[in-house]
Amino acid sequence: MADRVIITMGVVHTDIIPIALMLTRKGGTCVVTGMTPITEFSVPMSLAEFVTSHKQLKGVLYGGLNPRASMPKLLSMYQSGSLMLDELVTKRYRLEDINDAIDDLRNSRNIRGVIEFPAS
């Protein structure tokens, strides 16, 4: 069982939550960073198991940071080389290939694609 289970997919269907909670140890935390489709309102789970196991289910946006306050610091860290973002990019696309980028994302051929805009 994991201390923390983090669900990071962009679209989180509600049936994944009970599976993630089963992987979370007693007293552990399950964190959801994605959004459910607007048509999915309820999460099927055992409330008794959830409560008696002292588990936590958290929703997090922007890592819990305040983007207005944190963005300048993150940009500074990136510029200084202490925050390595370029290594996270799995594929780069030209602006005119944006449809290919969307198609690759929808078909799970790319995780973190970046659209590169031409320098002006």
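The values are calculated or read from the model by the stated rules, or taken from the named source; none is laboratory data. The model shown is predicted, which means the values in this text are computed figures rather than measured ones. The area values use the complete protein model at the heavy-atom level, side chains included, leaving out ligands, DNA and RNA. Shrake-Rupley method; radii C 1.70, N 1.55, O 1.52, S 1.80 Å.
Before moving on, here are some points about what is shown:
- Qualifying residue in region 8-16 (condition: farther than 28 Å from Val114 by Cα, modelled with pLDDT of 90 or more and either open to solvent by 80 Å² or more (accessible area, probe 1.4 Å) or among the charged types (D, E, K, R) (or both)): yes
- Of note, Glu40 satisfies the criterion of being open to solvent by less than 70 Å² (accessible area, probe 1.4 Å) and within 23 Å of Ser108 (Cα to Cα).
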